[in-house]
Amino acid sequence: MKRHIYTGLLLLGMFSVSAQNKHTAKADKLFDDLKYVAAIGEYLEVIEDGNGDDYVTARLADTYYNVFNTRKAEEYLAKVVATTEDAEYYFKYAQMLKANGKYDEANTWMDKFSAKMPNDARAIAHKNNPGMVANLLADTPKFKVNPVEGFNTEFSEFGPVLFKGQVYYASARSGKGRNYGWTKEPYLDIYVSDYDAATGGLTDESVLGSKVNTKFNEGTVSFSPDGTTMYFSGESLDRKAGLFGKKFKKDTEGKSTINIYSATKEGDEWGNVTTLPFNNENSNASGPAVSADGKRLYFSSDMEGTIGKADLWYVTINEDGSYGEPVNLGKKINTEGSEMFPYISSKNVMYFASNGHPGLGMMDIFASQMNGDDFGSVRNVGAPINSGNDDFSYTVDEDSQKGFFASNREGGSGSDDIYSFEQIVPICDVDLSVQIVDAKTNAILPNTSVVIYDENSNKVADKMSDENGFVRFKYECNQAFKVEANREMYSINSIDIAKTDEPDVMETLPLTPIIVEDRVVLNPIFFELDKHNITAQGAAELDKLVEVMNKYPVMIIQATSHTDSRGKDAYNMALSDRRAKSTAQYVISKGIDASRISGQGKGETELINKCSNGVKCTEEEHQANRRSEFIITNPDETFKKN
């Protein structure tokens, strides 16, 4: 790489068909009485007796669904959706597929549901967030990289820039002039080739005209958004002189420097070459890069005020064609080393090469999201783009996620070669570390189950905490998540992870012991509006109760359900009773003997605050009254020591 030239160079009701008959009467009665576990057995007997039909299949699907037996519910719902046109069954089936980790299939059925119910809020949410895409990123390559077949030569090719279906680049392939002393290669010219987006191939090369290319070195280019102005770097020549009269403008040490020039389109050619006002005889300016909105020109320079050997700077491009004063991008971008070859993508991501930021070897390519004058965290784009050698001059079409870069890695054709790439996962990701601890003692809790959910409550990954209580996740930047921990004899707890583009985030997640005096304390059991069937959230909480009851085999629980004071008293009492009995049925379905748990609705008879009928209260105050309680009715016997 010519560093001497270019130092800048992302519910649930119950529904069944109505076709009950004498064979299903007993099962139906159990179902209607919310005795789902017993109902399952009776419906299965109906099938074994040869009297099964679509109605029985649907009832089994509903029953397994209501006790959140996801595998069985999926099995029977698959049979239901094969024959029904009821969109609600499509939705249920999609939910069970998600619960069982079959995200692609779930998306297919949510698409079908959405097609039938386009105005349903669930359908709208699905269409706004299509697909259950895992946001956690594994430590795998983010790119597929290939050499550009039949393109590179024994000489240098670098600085590719995609623009309007073509790629501009610098190359010494012409063999013009004497070999340049440092590289022992001919001088560089600016070329353009046609770009085949399907194959990544570059063909039909042509060299830009003599108003741009001289008998000395010219390098990388950039264009105004409208394509009428081209900026390029080249040696500090007196370009107003005739072709054979051009002379170097030299610094105080008698050496030529690198300058940035502009050129405008004159028919099919580039002309009216002008040196930019911030060039000077004692510093280099190179690697021009126009911002996506065309209002700034970024470049690399070692001018006065540079932090390292070469920094990234910008000037404002004013509406009258003049330029502002150079502004250094600061220490978040620039280092004591060299920052070069800036490129601004259509999504305002700045890519650049640096040997000052931590990398894999020599010069690596980095990325930072731009937001006005602010820059996000600087990210190494990783292998296989970066290697142990010089990797630089990155350009990308953000729509296709395809582009080019240059490298002098082993296996190439010449000094610097141009490679094509396709980005396969996001560049910007976050390493999240969460330590699980006991809320009272702060002791670490290894072997704890941890699940991470995206901001749409989709499960994207689960892991177990390691010997030091840590779980680690990698995910795309600027995503919000919830991390939930679940451990035997502790209440489930979760923390929210805010959006960030910082590379490392560390959090602590405390868990509280589940038994407090004569109660088993769970997180709130949430039900859908006016529903009593157990949801996924409720099932996860009740599984903790099952764990406790298995650990203490003589424990007897009374499950009570409470409402707030809004609504009619009788309605609240009936609804709470259905929910309490549904709760008990779920626990029984998990193998707990029916004699050990009972459910009783309390309605609004045991409010824990002032919010009785007619009293104005906040939503938070009403929420406090909507609760489930799990009372140990025989604590002495349960915890009796042998």
request  = Round to the nearest 0.05 the FRET efficiency obtained for residue 207 and residue 164 when R0 = 22 Å and r is the Cβ-Cβ distance.
outcome  = 0.75
key: Mean ellipticity per residue at 222 nm, deg cm²/dmol - from DSSP H runs of n ≥ 4 across the chain, formula -39500 (n - 2.57)   = -6000 deg cm²/dmol
request  = Give a quick list of chymotrypsin sites (Phe, Trp or Tyr not before Pro) in region 480-576 that DSSP marks as loop, anything other than H, G, I, E or B, with at most 16 other Cβ atoms within 10 Å.
outcome  = 526
query = What net charge is computed for the residues neighbouring residue 307, neighbours being all others with C-beta under 14 Å from the C-beta of residue 307, Lys and Arg scored +1, Asp and Glu -1?
reply = -2
task = Please work out whether the chain counts as rounded, prolate or oblate from its C-alpha gyration tensor, where a ≥ b ≥ c are the square roots of the eigenvalues and a/c under 1.5 means rounded, while otherwise a/b larger than b/c means prolate and anything else oblate?
result = prolate
remark   = As straight-line cross-link partners of residue 402, the qualifying aspartates and glutamates (C-alpha separation under 12 Å, not fewer than 8 residues apart within one chain) are 196, 422
ask   = From the backbone phi of region 401-414, what are the Karplus-calculated ³J(HN,Hα) couplings (6.51 cos²θ - 1.76 cosθ + 1.60, θ = phi - 60°) in whole Hz, Gly and Pro given as x?
value = 6, 10, x, 9, 8, 10, 7, 10, 5, 5, x, x, 8, x
task = Just flag the trypsin sites (Lys or Arg not before Pro) in region 386-484 sitting in loop per DSSP whose Cβ has no more than 15 other Cβ atoms within 10 Å.
result = 440
key: Residues of region 464-603: accessible area per residue with a 1.4 Å probe, Å²   = 44
key: Cleavage-rule hits (GluC sites (Glu not before Pro)) in region 298-391: DSSP loop, at most 13 neighbouring Cβ within 10 angstrom   = 304, 319, 336
request  = Mind listing the long-range amide H neighbours of residue 604? Cut-off is under 5 Å, sequence gap 5 or more, other chains count too, H placed in the peptide plane at 1.01 Å from N.
outcome  = 563, 573
request  = Note down the relative contact order for region 437-491 as a percent, whole number, built from C-alpha pairs under 8 angstrom at least six residues apart.
outcome  = 38
note = Taking placed amide H atoms and a strict 5 Å upper bound, the residues 5 or more places from residue 229 or on another chain that come that close are 224
query = How much FRET efficiency would the formula 1/(1 + (r/R0)^6) give for residue 594 and residue 82, where r is the Cβ-Cβ distance and R0 is 35 Å, rounded to 0.05?
reply = 0.55
inquiry  = Among 218-231, 591-604, 158-171, how do they line up by average Cβ neighbours within 10 Å per residue, starting with the highest?
reply    = 158-171, 218-231, 591-604
query = What shape does region 452-492 take by its C-alpha gyration tensor, where a ≥ b ≥ c are the square roots of the eigenvalues and a/c under 1.5 counts as rounded, a/b above b/c as prolate, and the rest as oblate?
reply = oblate
ask   = Which order, highest average first, do 421-429, 580-588 follow once you tally other Cβ atoms within 10 Å for each residue and take the mean per peptide?
value = 580-588, 421-429
inquiry  = Given a 1.4 angstrom probe, I'd like the percentage of the accessible area of region 519-642 that is carbon and sulfur, rounded to a whole number.
reply    = 53
key: For region 502-642: rounded, prolate or oblate by the Cα gyration tensor [a/c cutoff 1.5]   = oblate
inquiry  = So, R0 is 35 Å and r is the distance between the beta-carbons of residue 518 and residue 612; what FRET efficiency does that work out to, to 0.05?
reply    = 0.85
request  = For each pair in 72/459; 26/112; 459/551; 463/544; 482/610; 29/590, compute the distance between the two Cα atoms and list the pairs where it is over 24 Å.
outcome  = 26/112; 459/551; 482/610
query = Antiparallel DSSP bridges in the chain: what percent, to the nearest 5?
reply = 90
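The values are calculated or read from the model by the stated rules, or taken from the named source; none is laboratory data. Remember, it's a predicted structure, so these values are computed and weren't measured experimentally. Every residue, glycine among them, receives a Cβ derived from its backbone with ideal geometry; neighbour counts consider all protein chains shown. With ligands, DNA and RNA removed, areas are computed over all heavy atoms of the protein, side chains included. Shrake-Rupley method; radii C 1.70, N 1.55, O 1.52, S 1.80 Å.
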